[in-house]
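The values are calculated or read from the model by the stated rules, or taken from the named source; none is laboratory data. A quick note: this is a predicted structure, and the numbers were derived from the prediction, not measured. Cβ placement follows ideal geometry from the backbone for every residue including glycine, while neighbour counts extend to all protein chains displayed. For the accessible areas, the whole protein counts, side chains as well, though only heavy atoms, and no ligand, DNA or RNA atoms are used. Shrake-Rupley method; radii C 1.70, N 1.55, O 1.52, S 1.80 Å.
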Amino acid sequence: PFEGPVADPIVLPETALGDGIYFGLPEAEYHAQPRLSASGIKAMQASVEDFWHDSWMNPLPDREERDSLTLGNAYHARILEGKEALDRQFAPMLDKADYPDALDTVSELKARLSDLGLKVSGNKPELIERLREANPDAVIWDDIVSAYGKKHAGKTFLHPDQLRRIEYAAAFIEKHPTLGKAFRGGQPEVTILWTDRETGVRMKSRLDYLKVRGIVDLKSFANKSSKPTDKAIMSEIANYRYHIQAAVYVEAIEVAKSLFTDGKVAGKHDPDWLKKCMATPEHQFMFVFQKSTKAPLVRSKVLPRDRMTIESGRSAMNIAMRQFREFYDRFGDQGEPWLDFDAMNPSNIEDDEMPMYA
């Protein structure tokens, strides 16, 4: 534990959440918190400028939304929270092929009105209203879409094949006699917000799944080059620097014990369960990897705390916090870009820096 002088904490906006353990915090609210996270640490390893660009401090951030993110959110909801959670948030898209008799186009509506001896002039809403009055039992596609939208108001729609794929993937985990319990008996998406005592940097972490004696982190991988599965997973950990995330999560759960003692807990939870969880001397950290292509096979990897791998993650976290504090003190958080002037200075191209293929 840190025993040196406590640094002045970075000032938070009035709208930001304070330090604490949060259950059920919406994902968007978590991401909006102006704090350093594992993903921010990895961005800072690339460059300070990249970190700032992706952070809450950038007044013109990238707003691109990708379908893969939506699908990933659905997958996480199903695995971490179960089928009911998935059904609360997502629904299958309507398939017109399931309603072969439904009238949709203006031409189809006019043809039906003509068959009934009614006039066929007017726009689509007028045609629909005229047909409803003459034939209340007519199957109209617009009505089907409207009723379905009301039934699933607020939900995100996915293709039925995507939802079936998610259920298929869930079965690979849930049918395993031991691993099937990895995402049961605990709490999903537990947010921990804290302040580093040495640097005063505000930190945040969102644990995929917290159990009484362990932290479980769900990851997907593709293995497009068909490596042996274990080698592919180790490459994934190295390439995406998941050991940094593990180190941040381990730090978060240790800090959470003090937050719990101070009564800084918010959201719906079982107090007895949380008391047992916070009494655990050392939580085990485990990755659950599931392949996103072809067979959604599953492998689990435990990362013991005494390994050099997690120590490397701790080192990266500590360096990033000190770097964050340095640039925060220099540039602030009011929209001025953070620039690494030292890195921008001209430097020689050395022969040993060139890739061998060049």
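Quick check on segment 288-302. Is at least one of its residues of a type in the set (S, T, N, Q), under 14 Å from HIS243 (Cβ atoms), open to solvent by 20 Å² or more (accessible area, probe 1.4 Å) and at pLDDT 95 or above? Looking through segment 288-302, none of the residues is of a type in the set (S, T, N, Q), under 14 Å from HIS243 (Cβ atoms), open to solvent by 20 Å² or more (accessible area, probe 1.4 Å) and at pLDDT 95 or above.
From PHE285, PHE260, which residue is open to solvent by less than 10 Å² (accessible area, probe 1.4 Å) and either out of contact with any helix residue (DSSP H, G or I) (no Cβ under 9 Å at 6 or more places or on another chain) or at pLDDT 95 or above (or both)? Steps first, answer last, please.
On the way: PHE260 fails: open to solvent by less than 10 Å² (accessible area, probe 1.4 Å).
Testing whether each residue is open to solvent by less than 10 Å² (accessible area, probe 1.4 Å) and either out of contact with any helix residue (DSSP H, G or I) (no Cβ under 9 Å at 6 or more places or on another chain) or at pLDDT 95 or above (or both) leaves just PHE285.
Among residues of segment 121-135 being surrounded by fewer than 15 Cβ atoms within 10 Å (Cβ to Cβ) and touching a Leu at 6+ places or on another chain (Cβ under 8 Å), the one that is farthest from VAL145 (Cα to Cα) is ALA134. Of all residues assigned to segment 163-174, at least one qualifies as being without any contact (Cβ under 8 Å) to a residue 40 or more places away in the chain, out of contact with any His (no Cβ under 9 Å at 6 or more places or on another chain) and either among the acidic types (Asp, Glu) or buried (at least 18 other Cβ atoms within 10 Å of the Cβ) (or both). Taking each residue of segment 321-333 that is farther than 14 Å from SER47 by Cα and looking for partners that are open to solvent by 20 Å² or more (accessible area, probe 1.4 Å) and among the β-branched types (Val, Ile, Thr) with beta-carbon atoms closer than 9 Å, six or more apart or interchain, yields ASP333/VAL11. Being within 29 Å of ASP342 (Cβ to Cβ), in contact (Cβ under 8 Å) with a residue 12 or more places away in the chain, among the β-branched types (Val, Ile, Thr) and surrounded by fewer than 18 Cβ atoms within 10 Å (Cβ to Cβ): is that true of VAL48 here? When the stated conditions are applied, VAL48 does not pass them. Only a single criterion out of (1) touching a residue at least 40 places away in the same chain (Cβ under 8 Å); (2) of a type in the set (A, V, I, L, M, F, W, C); (3) closer than 30 Å to GLU27 by Cβ; (4) touching a strand residue (DSSP E or B) at 6+ places or on another chain (Cβ under 9 Å) is not satisfied by ALA102, namely (3).
Table: residues versus (1) closer than 27 Å to TRP56 by Cα; (2) open to solvent by 30 Å² or more (accessible area, probe 1.4 Å); (3) touching a Cys at 6+ places or on another chain (Cβ under 6 Å).
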residue: PRO177; (1), (2), (3): no, yes, no
residue: PHE183; (1), (2), (3): no, no, no
residue: GLU189; (1), (2), (3): yes, yes, no
residue: MET203; (1), (2), (3): yes, no, no
residue: LEU207; (1), (2), (3): yes, no, no
residue: LEU210; (1), (2), (3): yes, no, no
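Taking each residue of segment 230-250 that is on the phi < 0 side of the Ramachandran plot and open to solvent by 10 Å² or more (accessible area, probe 1.4 Å) and looking for partners that are part of a helix (DSSP H, G or I) and not β-branched (Val, Ile, Thr) with beta-carbon atoms closer than 7 Å, six or more apart or interchain, yields ILE237/HIS243; HIS243/SER312; HIS243/GLY313; GLN245/ALA38. Beta carbons closer than 9 Å, at least 6 apart along the sequence or on distinct chains, pair a first residue in segment 189-204 that is part of a loop (DSSP other than H, G, I, E, B) with a second that is polar (S, T, N, Q) and open to solvent by 10 Å² or more (accessible area, probe 1.4 Å) for ASP196/ASN318; GLU198/ASN318; THR199/ASN318; VAL201/THR195. Pairing each residue of segment 282-297 that is on the phi > 0 side of the Ramachandran plot with any residue that is among the β-branched types (Val, Ile, Thr), provided the two are 6+ apart or on different chains, yields no C-beta distance under 8 Å.
What about VAL139, is it touching a strand residue (DSSP E or B) at 6+ places or on another chain (Cβ under 8 Å) and in contact (Cβ under 8 Å) with a residue 24 or more places away in the chain?
Working: touching a strand residue (DSSP E or B) at 6+ places or on another chain (Cβ under 8 Å): yes; in contact (Cβ under 8 Å) with a residue 24 or more places away in the chain: yes.
Here the answer is yes, as VAL139 does meet what is asked.
Being surrounded by fewer than 21 Cβ atoms within 10 Å (Cβ to Cβ), without any contact (Cβ under 8 Å) to a residue 60 or more places away in the chain and closer than 30 Å to LYS83 by Cβ is the requirement here; does PRO271 meet it? Here the answer is yes, as PRO271 does meet what is asked.
When restricted to residues that are over 22 Å from the mean Cα position of the chain (by Cα) and small (Gly, Ala, Ser), segment 183-231 contains 3.
Considering only residues of segment 303-331 that are part of a loop (DSSP other than H, G, I, E, B) and either open to solvent by 70 Å² or more (accessible area, probe 1.4 Å) or of a type outside the set (D, E, K, R) (or both), which is farthest from PHE221 (Cα to Cα)? Spell out how you get there, then give the answer.
So the first thing to find is which residues in segment 303-331 are part of a loop (DSSP other than H, G, I, E, B), and the list is 303-307.
From what's left, either open to solvent by 70 Å² or more (accessible area, probe 1.4 Å) or of a type outside the set (D, E, K, R) (or both): 303-304, 306-307.
Numbers: LEU303: 18, PRO304: 22, ASP306: 26, ARG307: 23 Å.
Looking at residues that are part of a loop (DSSP other than H, G, I, E, B) and either open to solvent by 70 Å² or more (accessible area, probe 1.4 Å) or of a type outside the set (D, E, K, R) (or both), I get ASP306.
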